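Student: Dropping the structure in here first, questions after.
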Amino acid sequence: MDSAVRHPQASPVRLLRRAGWFVLWFAVIWLCGDFLLTAYGKYRHLGSEAYALFAERHGWLWTHLAGGLLTILLGPLQFLTRLRNAYPRLHRWTGRVFLIGMLIACTGATGLIATSPAPFGIRLAFTSTALAWLTTALLGLRAIYQGRLAAHRRWMICCYLVTLAPVTFRVLIRVPGLMALAPPPTMIAILLWVSWALPVAAYLSGRRMRASLRKASDRVPLAEREAA
């Protein structure tokens, strides 16, 4: 009887949740597409002015871009539940390629950071992003080897949020007036940190809030039954 009463209320919530996820993924795909077309597109010609900062560092740049492209494109495939359930072997192999791409991108990033003339604060922010990327991936990998599927999914979502840090950074620097809050080197460093730390913190906080609300909703029917 209790489940029959709850079912009509659960359906609209489920539909709303699906609509929310659809809107979110549409925004992610649109922003990633725009990022790849613009940020990557400016490097398609060797004579482009975009190479001015990388005069003797083309190799590191191309390494970073190649690995980053793999991770941005393969990341969404890992979170398609139906695809993962129908083709678990494909899920594992795309996950491995994702991790290889991440290592390639981090190798290029390490070379770029080590040879960069940028202020220390900016180089430190880039380093923190790379470390967060590697750490979340390592925690996700350890979780799946230990058979902790929920923890694996949680950490790999965090890993992909860090993957999207360049996309998020590009969105933030376009916010009117934001770059005027501090000198450019300081503001760039701050936004580099925010680009991965804020999404990860928001996601983990949202999970905890959702778990707390679920526990609270489970206690209400129990209290009602005890009162009856």
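The values are calculated or read from the model by the stated rules, or taken from the named source; none is laboratory data. It should be emphasised that the depicted structure is a prediction, and the values quoted were computed from it without experimental measurement. A quick note on method: Cβ atoms are made from the backbone with ideal geometry, for glycine too, and the neighbour counts reach across all protein chains shown. Accessible surface areas use protein heavy atoms only, side chains included; no ligands, DNA or RNA. Shrake-Rupley method; radii C 1.70, N 1.55, O 1.52, S 1.80 Å.
Student: Using only alpha carbon positions, build the gyration tensor of the range 37-164, then give the equivalent ellipsoid semi-axes as the square roots of 5 times its eigenvalues, largest first, whole angstrom.
Tutor: Working: eigenvalues 184, 58, 22 Å².
Value: 30, 17, 10 Å, ordered largest first.
Student: Still on this structure, please answer the following. Using the Cα centre as the reference, give the magnitude of the dipole from point charges on the C-beta atoms of the chain (Lys, Arg: +1; Asp, Glu: -1; all else neutral), rounded to the nearest 20 debye. Let's see the in-between values first.
Tutor: On the way: 26 positive and 7 negative charges, 165 e Å.
It works out to roughly 800 debye.
Student: With an 8 Å Cα cut-off and a minimum separation of 6 or more residues, compute the relative contact order for the range 1-118 in percent.
Tutor: Numbers: 70 pairs, mean separation 31.7, N = 118.
Dividing the mean separation by the residue count of the range 1-118 yields 27 percent.
Student: Sticking with this structure for a sec: Can you work out the accessible area per residue across the range 13-86, with the rest of the protein chains kept in place, probe 1.4 Å, in square angstrom?
Tutor: Values: 5210 Å² over 74 residues.
Counting only protein heavy atoms, the per-residue value for the range 13-86 is 70 Å².
Student: Shifting gears a bit: Express in whole angstrom the spacing between the alpha-carbon centres of the range 46-92 and the range 100-131.
Tutor: Each part's Cα centre sits 15 Å from the other's.
Student: What does the convex hull of the Cα atoms come to per residue for the chain, in Å³?
Tutor: Numbers: hull volume 39.0 nm³, N = 228.
Taking only Cα atoms, the chain has a hull volume of 171 Å³ per residue.
Student: From the C-alpha gyration tensor of the range 36-105, pull out the three semi-axes of the equivalent ellipsoid (sqrt of 5λ each), sorted largest to smallest, in whole Å. All intermediate terms of the calculation are to be shown ahead of the outcome.
Tutor: On the way: eigenvalues 199, 30, 8 Å².
After diagonalising the Cα gyration tensor, the semi-axes are 32, 12, 6 Å.
Student: With runs of 4+ DSSP H residues as the only contributors, calculate the mean residue ellipticity of the chain at 222 nm using -39,500 (n - 2.57) per run, divided by the residue total and rounded to the nearest 500. Write down the numbers at each step before the final one.
Tutor: On the way: 8 runs with 177 residues, N = 228.
-27000 deg cm²/dmol, from helical runs alone.
Student: Arrange the residues THR94, THR127, THR71 by how much accessible surface each exposes, largest first, with a 1.4 angstrom probe.
Tutor: Values: THR94 20, THR127 50, THR71 0 Å².
Result, largest first: THR127, THR94, THR71.
Student: At 1.4 Å probe radius, can you tell me the per residue accessible area of the range 94-228 in Å²?
Tutor: Details: 7920 Å² over 135 residues.
Value for the range 94-228: 59 Å² per residue.
Student: Here's something else I'd like to know. Based on DSSP H assignment, which helices of the chain show an axial Cα extent of at least 30 Å together with a mean Kyte-Doolittle hydropathy greater than or equal to 1.0?
Tutor: Details: long enough: 2-35 (49 Å, 0.43); 88-114 (39 Å, 0.84); 120-145 (37 Å, 1.18); 184-227 (62 Å, 0.17).
Once both thresholds are applied, what remains is 120-145.
Student: Show me the ranking of peptides 100-111, 81-92 by mean Cβ neighbours inside 10 Å, starting with the highest.
Tutor: Values: 100-111: 18.9, 81-92: 11.4.
Final packing ranking: 100-111, 81-92.
Student: Let me ask another. For the peptides 12-23, 187-198, what is the packing order when you average, over each peptide's residues, the other Cβ atoms within 10 Å and list the highest mean first? Can you show the working numbers first?
Tutor: Working: 12-23: 9.8, 187-198: 19.2.
My ranking of the peptides, most packed first, is 187-198, 12-23.
Student: With every protein chain left in place and a probe of 1.4 Å, what is the accessible surface of SER48, to the nearest 10 Å²?
Tutor: Solvent-accessible area, nearest 10 Å²: 30 Å².
Student: Right, here's the next one. What does the accessible area of PHE169 come to, in Å² to the nearest 10, when a probe of 1.4 Å is used?
Tutor: 40
Student: For the chain, modelled as a GNM with alpha-carbon contacts under 10 angstrom, which of THR129, THR163, THR38 fluctuates the most?
Tutor: Highest fluctuation among the options: THR38.
Student: Right, next: Per the 1.4 Å probe, what fraction of the accessible area of the chain, in percent, lies on carbon and sulfur atoms? Mind dumping the intermediate values first?
Tutor: Working: 10490 of 14970 Å².
Carbon and sulfur: 70 percent of the exposed surface of the chain.
Student: If DNA, RNA and ligands are ignored and the probe is 1.4 Å, what is the ranking of VAL171, VAL200 by accessible area, most exposed first?
Tutor: Values: VAL171 65, VAL200 20 Å².
In descending accessible area the options line up as VAL171, VAL200.
Student: Take the chain, connect every pair of alpha-carbon atoms lying under 10 Å apart with a spring to form a Gaussian network, then pick out the residue of ALA52, ALA66, ALA130 with the largest mean-square fluctuation.
Tutor: Judging by the Gaussian network model, the answer is ALA52.
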